[in-house]
Amino acid sequence: MPRIVREADIRWEGNLARGTGAIGAATSGAFDALPFSLPSRIGAVEGKTSPEELLAAAHGGCFAMSLASELTSAETPPGMLTVRCTVTMDEVEGKGHQIVRSALAVRAKVPGVDTAALEAAAHAADASCPFSALLRNAGVEVELTTTHVEGGD
């Protein structure tokens, strides 16, 4: 795989408590001016995103591609994969607020694959997912659960 470099542009205006920011995808242009703020980060989202939500999207997306690759390599490509990634930030004594957990909940419909084979593929995908590795190397707990959806065998 070639070296991959992507960028995002972030703009912040004002102090932390009342300021607001916007995140844009400079490389792809796929999104522009996603709003974020401290109140939407720690309270009601009010249609705004947060760094933690973007991390969850990145980790979940990376893992989904990794699992699709594992299943395809085994000649059992997925019919459908859904991944919900939940990132948790919490107060860590002596360290302030830290990302402490990223939980991947996978639902998969994969014809010809039983539950045990799906779980094995999911664990292999987690081991090869760059975002899972990044988080684990930073001391973050990465949790993985799989659900085999009816019709997947």
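The values are calculated or read from the model by the stated rules, or taken from the named source; none is laboratory data. Note that this is a predicted model, so its numbers are computed, not measured. Cβ atoms come from the backbone with ideal geometry, glycine included; neighbour counts cover every protein chain shown.
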Tell me which of these Ala121 doesn't satisfy, since it passes every other one: (1) surrounded by 13 or more Cβ atoms within 10 Å (Cβ to Cβ); (2) in the same structural domain as Met1 (by TED's automatic domain parsing). (2)
Looking at the range 55-64, can you tell me whether even one residue there is in contact with an Asp or Glu (Cβ under 7 Å, 6 or more places away or on another chain) and in the same structural domain as Arg6 (by TED's automatic domain parsing)? no
Among the candidates Thr82, Thr76, single out the residue that is touching a residue at least 24 places away in the same chain (Cβ under 8 Å), loosely packed, with under 15 Cβ neighbours inside 10 Å and polar (S, T, N, Q). Thr82
Just checking, how many residues over the range 47-57 are surrounded by fewer than 17 Cβ atoms within 10 Å (Cβ to Cβ) and either among the polar types (S, T, N, Q) or touching a Phe, Trp or Tyr at 6+ places or on another chain (Cβ under 9 Å) (or both)? 2
Within the range 77-97, can one find any residue that is in the same structural domain as Phe131 (by TED's automatic domain parsing), out of contact with any strand residue (DSSP E or B) (no Cβ under 8 Å at 6 or more places or on another chain) and closer than 16 Å to Ala124 by Cα? yes
Limited to the range 114-142, what total is found for residues that are farther than 12 Å from Leu67 by Cα and in contact with a Leu (Cβ under 7 Å, 6 or more places away or on another chain)? 1
With the requirement that a residue be in a loop (DSSP other than H, G, I, E, B) and in contact (Cβ under 8 Å) with a residue 12 or more places away in the chain, what does the range 39-51 give you? Gly47, Lys48, Ser50
Restrict the check to the range 21-38 and report whether at least one residue is at pLDDT 90 or above, outside any strand (DSSP E or B) and either charged (D, E, K, R) or under 18 Å from Val142 (Cβ atoms) (or both). no
